[in-house]
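The values are calculated or read from the model by the stated rules, or taken from the named source; none is laboratory data. Just so you know, these numbers come straight off a predicted model, no measurement behind them. As a convention, Cβ positions derive from the backbone with ideal geometry for all residues, glycine included, and neighbour counts pool all protein chains shown. The accessibility values were calculated without ligands, DNA or RNA, using every heavy atom of the protein model including side chains. Shrake-Rupley method; radii C 1.70, N 1.55, O 1.52, S 1.80 Å.
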Amino acid sequence: MRRAIFPGSFDPLTLGHSDIIRRGVTLFDELIIAIGSNAEKKYMFSIEQRMQFITAAFQSEPKIKVFTYKGLTVDFCKKMDAEFILRGLRNPADFEFEKAIAHTNRKLSEIETVFLLTSSGKSYISSSIVRDVIRNGGDYTVLVPDTVRTS
Ligand code: ADP
């Protein structure tokens with residue numbers, strides 16, 4: 001069983017995330033979307049809301065599971081018996097950041113990180129931009145799946 005974890009904050013899920021999820025799931029037998037919960041981080045959406053957006057978006061896909069986790073991603077991988085971490089790359093800044101994390105995770109464990117390049121047309125989408133659009137009353141619905149709504 002080739003099982004991968006797609007970890008992230010998903011605050012909220014965006015069309016960029018869902019693109020990586022839809023393409024990534026074809027590479028594995030099971031893809032676990034792992035929503036990070038960090039007590040020190042301030043989120044716009046609660047863990048329940050973030051979970052609900054993702055669960056509803058992928059309810060018809062049996063290979064996709066959704067979990068929340070605390071602590072190190074490699075520890076969560078071991079707990080779930082996953083050998084792979086899936087991450088998306090948008091730009092050189094993502095690459096530099098992800099490279100350091102992937103090397104660290106490799107030092108801590110045997111887990112391989114698999115990267116997918118963002119689809120053209122989605123590279124500008126990030127949760128932080130979506131949150132900014134929401135805060136300022138803009139039309140965020142063009143940046144997120146239909147299941148993500150603020151009311
Ligand atoms: P984190 O706080 O761990 O970066 P995010 O929810 O921001 O969590 O992102 C989770 C993953 O999704 C990361 O690998 C990120 O690079 C990827 N990602 C986010 N937006 C996009 C996008 N537009 N295209 C491709 N990958 C993306």
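Tabulated results
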| quantity | calculated |
| --- | --- |
| Counted residues, the range 1-58 - those being open to solvent by less than 20 Å² (accessible area, probe 1.4 Å), in a helix (DSSP H, G or I) and within 12 Å of the ligand (Cβ to nearest atom) | 8 |
| Yes/no for Thr141 being more than 18 Å from Phe6 (Cβ to Cβ) and open to solvent by less than 80 Å² (accessible area, probe 1.4 Å) | yes |
| Residue that is farthest from the ligand (Cβ to nearest atom) [pool: residues in the range 75-84 that are in contact with a strand residue (DSSP E or B) (Cβ under 9 Å, 6 or more places away or on another chain) and either open to solvent by 20 Å² or more (accessible area, probe 1.4 Å) or at pLDDT below 95 (or both)] | Asp81 |
| Gly137 being within 13 Å of the ligand (Cβ to nearest atom) and not aliphatic (A, V, I, L, M) | no |
| Selection count where residues are loosely packed, with under 14 Cβ neighbours inside 10 Å and assigned to a loop (DSSP other than H, G, I, E, B), scope the range 109-123 | 3 |
| Enumeration of residues in the range 124-138 that are small (Gly, Ala, Ser) and exposed (fewer than 14 other Cβ atoms within 10 Å of the Cβ) | Ser128, Gly137, Gly138 |
| Selection status of Tyr69, among the aromatic types (Phe, Trp, Tyr) and under 22 Å from Ser37 (Cα atoms) | yes |
| Out of Arg87, Arg106, sole residue that is within 18 Å of Arg3 (Cβ to Cβ), basic (Lys, Arg) and open to solvent by less than 70 Å² (accessible area, probe 1.4 Å) | Arg87 |
| Selection within the range 75-99 - in contact (Cβ under 8 Å) with a residue 12 or more places away in the chain, of a type in the set (A, V, I, L, M, F, W, C) and not in a strand (DSSP E or B) | Phe76, Cys77, Met80, Ala82 |
| Cβ pairs under 6 Å, 6+ apart, first in the range 113-133 and under 14 Å from Ile20 (Cα atoms) and among the β-branched types (Val, Ile, Thr), second near the ligand (Cβ under 8 Å from one of its atoms) and not in a strand (DSSP E or B) | Thr118/Arg90; Ile125/Thr14; Ile125/Leu15; Ile125/Gly16 |
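To keep it simple, each residue is scored yes or no on (1) in a loop (DSSP other than H, G, I, E, B); (2) under 21 Å from Thr26 (Cα atoms); (3) within 14 Å of the ligand (Cβ to nearest atom); (4) hydrophobic (A, V, I, L, M, F, W, C).
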| position | (1), (2), (3), (4) |
| --- | --- |
| Arg106 | no, no, no, no |
| Ile125 | yes, no, yes, yes |
| Val130 | no, no, yes, yes |
| Thr141 | no, no, no, no |
| Val144 | yes, no, yes, yes |
